[in-house]
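Here is the structure we will look at.
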Amino acid sequence: MKILVTGSAGHLGEALVRTLTELKHEVVGLDILESAFTSHVGSISDSNFVRQCMAGVLAVIHAATLHKPHVATHERHEFIDTNVTGTLNLLEEAVRVGAECFIFTSTTSVFGSALIPPPGAPAAWVTEDVAPDPKNIYGVTKGTAEDLCQIFHRREGLPCLVLRTSRFFPEEDDNRRIREAFSDDNAKANEYLYRRVDIEDVVSAHLLALEQARRIGFGKYIISATTPFLPEDLQELRLDAPRVVRRRVPEYEAQYARRGWKMFPTIDRVYVNERARRELGWHPRFDFGHIIRRLRAGEDLRSPLARIIGSKGYHSQVFAEGPYPVE
């Protein structure tokens, strides 16, 4: 199958091109940056360029985007150009060439302020049914792009699946307090409980979406590691997260103690991937229990694919205040 992958020079884009090529698909890699995984260099906001890239394409995986780390360094109209107009151009051309499906890589950031419960409230149990409340231009444009996908499914019959990925970037946390209080590996291990996913599992979700899109038609799916928590844990997670983790994954304490690691004192949200597991048949490997087993075995916490790709960063410059400036 001939598959177009946008953002092919990026973290996820490279992972997708590598994997699809290994599976013997014909891959068209599109990005504004040259790379070993990019066959067409240009912007998705240029409709003529998109048309040139789409010849003979049967499926589109649209991973190109301006991200949250760009909010403080890029103008709002640039987010509109890339995340909205770019998506519209790709959808239009996918319909024109008769593509069989369109997979859109979205983000849990579309939920925005809905992820932050008020003081004293339980942690948020975040499913696809939570109403988005975007808090910046990134969330607004990704949500708008999701809506475009739905419109093209309804009006044009294009099978479109939206994958709302949680954190899988390898860069340091953008929160200075987290960076100061926790080692990077410690913080990322904690996040597998509720808001992180390994890139190997993100790629497997995209492959399943390609397979299932025509059967499903349209759907939105949270792509995050399977949490050990249950709804009855939500109040206690805001008050004493370590106690809940001891109850659900008791073996974690010994491995953390060996390294001098610690658990976050509170957890304010839990991403729930049940719909993706049920409807896509997705079985993510890298959950918190898997991370603890890797710690016990002295293994790298990252998947082989994550280690191969490494860290790409989001900007060409280095910022003194962190991995990127926070709005």
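Identify all residues within segment 234-243 that are in contact (Cβ under 8 Å) with a residue 24 or more places away in the chain and either surrounded by 16 or more Cβ atoms within 10 Å (Cβ to Cβ) or among the β-branched types (V, I, T) (or both); write none if there are none.
The answer is L234, L237, R238, A241.
Looking for something among the basic types (K, R), part of a helix (DSSP H, G or I) and touching a residue at least 40 places away in the same chain (Cβ under 8 Å) - is there at least one such residue anywhere in segment 142-160? Reasoning before the result, please.
Of segment 142-160, the ones among the basic types (K, R) are 142, 154-155.
Applying the additional criterion that residues be part of a helix (DSSP H, G or I) yields 142, 154-155.
If we keep only those that are touching a residue at least 40 places away in the same chain (Cβ under 8 Å) as well, we get 142, 154.
Yes, some residue in segment 142-160 is among the basic types (K, R), part of a helix (DSSP H, G or I) and touching a residue at least 40 places away in the same chain (Cβ under 8 Å).
Apart from one condition, E78 fits all of (1) under 28 Å from R167 (Cβ atoms); (2) of a type outside the set (F, W, Y); (3) in a helix (DSSP H, G or I); (4) at pLDDT 95 or above; the exception is (4). Within the set R294, R285, R277, R246, the sole residue that is over 27 Å from H11 (Cβ atoms), among the basic types (K, R) and surrounded by fewer than 19 Cβ atoms within 10 Å (Cβ to Cβ) turns out to be R246.
Checked against (1) of a type in the set (V, I, T); (2) assigned to a strand (DSSP E or B); (3) under 20 Å from L208 (Cβ atoms); (4) free of Cβ contacts under 8 Å to residues at least 60 places away in the same chain, I61 meets all criteria but (4).
Pull up segment 161-188, narrow it to residues that are touching an Asp or Glu at 6+ places or on another chain (Cβ under 7 Å) and assigned to a helix (DSSP H, G or I), then point me to the one that is farthest from Q212 (Cα to Cα).
In the first step, residues of segment 161-188 are kept if they are touching an Asp or Glu at 6+ places or on another chain (Cβ under 7 Å); the result is 162, 167-168, 172, 179, 184, 187.
With assigned to a helix (DSSP H, G or I) added as a condition, the list becomes 179, 184, 187.
Values: R179: 39, D184: 36, A187: 34 Å.
Here the residue is R179.
Tallying residues that are touching a Ser or Thr at 6+ places or on another chain (Cβ under 7 Å) and either more than 22 Å from E171 (Cα to Cα) or part of a helix (DSSP H, G or I) (or both) within segment 31-58 yields 4. Here T105 fulfils each of the conditions (1) assigned to a strand (DSSP E or B); (2) free of Cβ contacts under 8 Å to residues at least 12 places away in the same chain apart from (2). Residues that are within 26 Å of D147 (Cα to Cα) and in contact with a His (Cβ under 9 Å, 6 or more places away or on another chain) were ranked within segment 162-206; the one that is modelled with the lowest pLDDT is F169.
Out of the residues in segment 189-216 that are of a type in the set (K, R) and in a helix (DSSP H, G or I), state the one that is farthest from G281 (Cα to Cα). Give the derivation first.
Taking segment 189-216 and keeping what is of a type in the set (K, R), we get 195-196, 214-215.
Then keep just the ones that are in a helix (DSSP H, G or I); that gives 214-215.
Working: R214: 15, R215: 13 Å.
Among those residues, the one meeting the criterion is R214.
Can you tell me which of (1) in contact with a Ser or Thr (Cβ under 9 Å, 6 or more places away or on another chain); (2) without any contact (Cβ under 8 Å) to a residue 60 or more places away in the chain; (3) of a type outside the set (D, E, K, R) is the one Y271 doesn't meet? Condition not satisfied by Y271: (2). Going residue by residue through segment 60-69, is there one that turns out to be buried (at least 20 other Cβ atoms within 10 Å of the Cβ), modelled with pLDDT under 95 and out of contact with any helix residue (DSSP H, G or I) (no Cβ under 7 Å at 6 or more places or on another chain)? Yes: segment 60-69 contains one or more residues that are buried (at least 20 other Cβ atoms within 10 Å of the Cβ), modelled with pLDDT under 95 and out of contact with any helix residue (DSSP H, G or I) (no Cβ under 7 Å at 6 or more places or on another chain). Entry remark, segment 256-274: residues being surrounded by 13 or more Cβ atoms within 10 Å (Cβ to Cβ) and either among the aliphatic types (A, V, I, L, M) or in contact with a Lys or Arg (Cβ under 6 Å, 6 or more places away or on another chain) (or both) number 6 in total.
The values are calculated or read from the model by the stated rules, or taken from the named source; none is laboratory data. Model, not experiment: these values are computed from the prediction. Glycine also receives a Cβ, built like all others from the backbone with ideal geometry; neighbour counts cover every protein chain displayed.
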